[in-house]
Amino acid sequence: MRLFTAIELPTEAVTHLQHLVDSLRPIIPGVRWTAADNLHITLKFLGEMPEPQVPALCEALKQMTLEPASLRVADIICFPPHGPVRILAGGLDGDVEAIGRLFACVEEAAAQLGFPRETRGYRPHITLARARHPLRAVVRQTLEEQRYQLILPGPTFTTSGFTLFESRLSNAGATYVPLLHRVA
């Protein structure tokens, strides 16, 4: 099973992001936009795990202490941070430290079950689009020039938990199946 943990978004945040994507489509061609149903804040991509081991992961995730966080989409960010762009994302502000602490707890629980630790620094974000082929770095300049026409920042929303998902890949795209919901 291909697994990841993520924070699901409330309806008002998804609606805002759909409007934001609609304003970005004409200025950023050549990307695959994330379906509204798949918008989320990834905590940790776990990768493949044999199905018989999933209950142990669920138990470890159930033991974590959760705290609510107040967030909003504040800007558009590009990954990687320099050079050709592969991902466009909604950058967050607000209680991002709380999301960082949640990531650290998930990371620790996963590491105790043998999952490798993330080597890159964690920056909470919402993936809006992936480039089929790397976009030229000038996309960053285009976004900066359009900044005042974008509907940012978005509405504030509160998170109070996370979900363990199975990601099922097909020719039609990814389908995310919730396996465990954790709420504060």
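The values are calculated or read from the model by the stated rules, or taken from the named source; none is laboratory data. Being a predicted model, the structure only gives us computed values, none of them experimental. All Cβ positions, glycine included, derive from the backbone under ideal geometry; neighbour counts span all protein chains shown.
Can you tell me which of VAL14, VAL54 is out of contact with any strand residue (DSSP E or B) (no Cβ under 8 Å at 6 or more places or on another chain), in contact (Cβ under 8 Å) with a residue 24 or more places away in the chain and either hydrophobic (A, V, I, L, M, F, W, C) or buried (at least 20 other Cβ atoms within 10 Å of the Cβ) (or both)?
VAL14
Just checking, how many residues over segment 1-30 are modelled with pLDDT under 95 and part of a loop (DSSP other than H, G, I, E, B)?
Residues meeting the conditions: 7.
Applying the selection to segment 136-150, what residues are over 14 Å from PRO80 (Cα atoms) and surrounded by 13 or more Cβ atoms within 10 Å (Cβ to Cβ)?
THR142, LEU143, GLN146, LEU150
Take ILE77 and decide whether it is outside any loop (DSSP other than H, G, I, E, B), closer than 29 Å to ASP22 by Cβ and in contact with a Pro (Cβ under 9 Å, 6 or more places away or on another chain).
No; evaluated as a whole, the condition is false for this residue.
Select from segment 83-109 the residues that are among the aliphatic types (A, V, I, L, M), within 12 Å of the chain's Cα centre (by Cα) and not in a helix (DSSP H, G or I) and write down the one among them that is nearest to VAL73 (Cα to Cα).
Per the stated criteria, the residue is LEU92.
Out of the residues in segment 110-125 that are in contact (Cβ under 8 Å) with a residue 40 or more places away in the chain and part of a helix (DSSP H, G or I), which is surrounded by the fewest Cβ atoms within 10 Å (Cβ to Cβ)?
GLN112
Using the structure shown, decide if THR65 is within 12 Å of LEU128 (Cα to Cα) and of a type in the set (Ser, Thr, Tyr).
In short, no.
Six or more apart or on different chains, Cβ under 6 Å: which pairs go from a residue in segment 69-92 that's of a type in the set (S, T, N, Q) to one that's buried (at least 19 other Cβ atoms within 10 Å of the Cβ) and in a strand (DSSP E or B)? Could you list them?
SER70/GLY94
Could you look through segment 135-168, keep only residues that are in contact with a Cys (Cβ under 9 Å, 6 or more places away or on another chain) and over 20 Å from ASP22 (Cα atoms), and pick out the one that is modelled with the highest pLDDT?
Among residues in segment 135-168 that are in contact with a Cys (Cβ under 9 Å, 6 or more places away or on another chain) and over 20 Å from ASP22 (Cα atoms), the one modelled with the highest pLDDT is LEU164.
Tell me which residues, restricted to segment 151-178, are surrounded by 17 or more Cβ atoms within 10 Å (Cβ to Cβ) and either without any contact (Cβ under 8 Å) to a residue 60 or more places away in the chain or over 17 Å from the mean Cα position of the chain (by Cα) (or both).
Matches in segment 151-178: LEU152 only.
The conditions are (1) touching a residue at least 40 places away in the same chain (Cβ under 8 Å); (2) surrounded by 17 or more Cβ atoms within 10 Å (Cβ to Cβ); (3) not in a loop (DSSP other than H, G, I, E, B), and HIS133 fails exactly one of them. Which is it?
(2)
So which residues in segment 57-81 are of a type in the set (Asp, Glu) and within 21 Å of LEU3 (Cα to Cα)?
GLU59
Just for segment 72-109: of the residues that are small (Gly, Ala, Ser), surrounded by fewer than 16 Cβ atoms within 10 Å (Cβ to Cβ) and within 24 Å of TRP33 (Cα to Cα), which one is modelled with the lowest pLDDT?
For segment 72-109, the residue satisfying everything is GLY83.
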